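What follows is a set of notes on a single structure, which appears directly below.
The values are calculated or read from the model by the stated rules, or taken from the named source; none is laboratory data. No experiment lies behind these values; they were computed from the predicted model shown. Neighbour counts run over all protein chains shown; Cβ positions are idealised from the backbone, glycine included.
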Amino acid sequence: MYIEALDLRQLSDYKKLSDFLVPFGLELDLVDGAYVLYDQRKWVGCGCKYRNVLKNFAIAPEYQSQQLLEPLLQHVKEEAFKQGYLKTFIYTPKSNKALFESLYYRLIVEDDKVCLLENGHPSFEDVMKSYETNKRGVTGAIVVNANPFTFGHQYLIEYASSRVAALDVFVVEEEASLFSFQTRMQLVKEGVAHLSNVTVLPSSEYMVSRATFPTYFLKDEKRVNRHHAQLDALLFAKGFASSRHISTRFFGEEPKDITTKNYMDICAKILPEHGCNVVIIPRISADETLISATTVREGWKRKDWALLEKLVPSSTLAYLTSHEYP
C-alpha cells in the first residue's frame, strides 16, 4: 500500500477521482490537494484538502475492514501541516462522525445529514470564549464582507444600531475578496465611528469561511450546498449568538446574489429556532442606482469618481482615490 498525490491539472485524473467519489455520495468541489491510496496500482482510497479543510475521504468497500482511513487521514493532515496549518477541519457525512471522532477529531456542529469536526487549537470553544461579553440589553448583529464598505452598509448598520442597545458588526475574515481583510476591517471601523453602540469584530474561521461554508465562495447557486449554509447558521446560533447574547441578526435585502439570498432564507428558518430573530432591511439606492459593492468595484476600475461619491462614505472614497485598481 502507498499514497501518491494526484495531479488535478490532468483532466483524466480529475474525472477518475470524481467518478471514484460518486458511489460514496461525495462530490468533488474546491480542493488544492488530492491523495490516492493504492494497492499495487489499484485505487483503493482517496482523501482531499483545501487549505486546512480535509474532505472527500473514501475507502473501497472491499478494503474497509483494513483500517486504512487513519494512515490516509494522517498523510493529508501532514500535507496541510507543511503549508503552516496547525488546525484542520473535516466536513463529512454524519454517518462518519464516530469514525473521525475515534481519530481525535472534535465535533463542532451537525445537521440531519452532515457534520463539521476539528483537530487542533484554538478550538471552537476557545474562540467563542474570546467573544464572551456581559449582557448589554437587546443586542443585534450584522455580518458584512464590505468589499468595500459602501453607503449601503452604513445605512444597514445605522438602521440596526437604532433598534438595539448594542450592535455587533462582524467582518468576514476569509481572504476571498478583492480587498484584504485588514483593509475591509479598517474601512468598516471608519465608516461606523460615529455610532457609539457599535462594536466591529473579526468573524473568525467559524463564520462564512471556507471551513464552515466552502461552496459560498464558488458563487454558483447550482453548487451551493444547503448543508454548508445550515452548518454556518447553526454555528452562529450556538456559538456567536450565545457568547455575545445576540437576540437579532440583521440582513440587507439581496435582490441579485442568489447565493446570499438562499443563505439568508436558511438563516431565517434556523436562527429563530435558537432564540435569534431575523430582520431583513431593504436596500437603498443613489439616483436610481442600487448601491452595491459590485457597482463600486466596477466604478473604481473605470475611475468614475463622480459615481463613487454617491455610493461610498468619504473614508472609503479616500482609500479608493489613493490606490490603483489591481
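Annotations
- Ile280 vs. criteria in a loop (DSSP other than H, G, I, E, B) and hydrophobic (A, V, I, L, M, F, W, C): no
- Answer residue from the stretch 117-139, given it is touching a Lys or Arg at 6+ places or on another chain (Cβ under 7 Å) and more than 26 Å from Lys49 (Cβ to Cβ) and is surrounded by the most Cβ atoms within 10 Å (Cβ to Cβ) among those: Thr139
This table checks each residue for (1) in a loop (DSSP other than H, G, I, E, B); (2) modelled with pLDDT of 95 or more; (3) within 20 Å of Asn134 (Cα to Cα); (4) of a type in the set (Asp, Glu).
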| residue | (1), (2), (3), (4) |
| --- | --- |
| Ala176 | yes, no, no, no |
| Thr183 | no, yes, no, no |
| Lys189 | no, yes, no, no |
| Ala193 | yes, yes, no, no |
| Arg210 | yes, no, no, no |
| Lys222 | yes, no, no, no |
| Lys238 | no, no, yes, no |
| Ile246 | yes, yes, yes, no |
| Arg249 | no, yes, yes, no |
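- Condition check for Ser204: outside any helix (DSSP H, G or I) and out of contact with any strand residue (DSSP E or B) (no Cβ under 7 Å at 6 or more places or on another chain): yes
- Enumeration of residues in the stretch 311-326 that are touching a residue at least 60 places away in the same chain (Cβ under 8 Å) and either in a loop (DSSP other than H, G, I, E, B) or basic (Lys, Arg) (or both): Val312, Pro313, Pro326
- Put simply, of Leu54, Leu72 the only residue that is touching a residue at least 60 places away in the same chain (Cβ under 8 Å), of a type in the set (A, V, I, L, M, F, W, C) and crowded, with 19+ Cβ neighbours inside 10 Å is Leu72.
- Tally of residues being among the aromatic types (Phe, Trp, Tyr), within 19 Å of Ile280 (Cα to Cα) and surrounded by fewer than 21 Cβ atoms within 10 Å (Cβ to Cβ) across the stretch 140-194: 3
- The residue list Leu37, Leu30, Leu8, Leu86 contains one member that is touching a helix residue (DSSP H, G or I) at 6+ places or on another chain (Cβ under 8 Å) and within 20 Å of Ile108 (Cβ to Cβ), which is Leu30.
- Within the stretch 149-168, the presence of at least one residue that is under 25 Å from Ala268 (Cβ atoms), modelled with pLDDT of 95 or more, under 24 Å from the mean Cα position of the chain (by Cα) and assigned to a loop (DSSP other than H, G, I, E, B) is confirmed.
- Residue within the stretch 121-141 that is among the β-branched types (Val, Ile, Thr), more than 22 Å from the chain's Cα centre (by Cα) and not in a loop (DSSP other than H, G, I, E, B) present: yes
- Any hit, the stretch 107-114, residues being in contact with a strand residue (DSSP E or B) (Cβ under 7 Å, 6 or more places away or on another chain), at pLDDT 95 or above and outside the structural domain of Leu73 (by TED's automatic domain parsing): no
- Matching residues, the stretch 32-45, being within 21 Å of Arg9 (Cβ to Cβ) and without any contact (Cβ under 8 Å) to a residue 40 or more places away in the chain: Asp32, Ala34, Val36, Leu37, Tyr38, Arg41, Trp43
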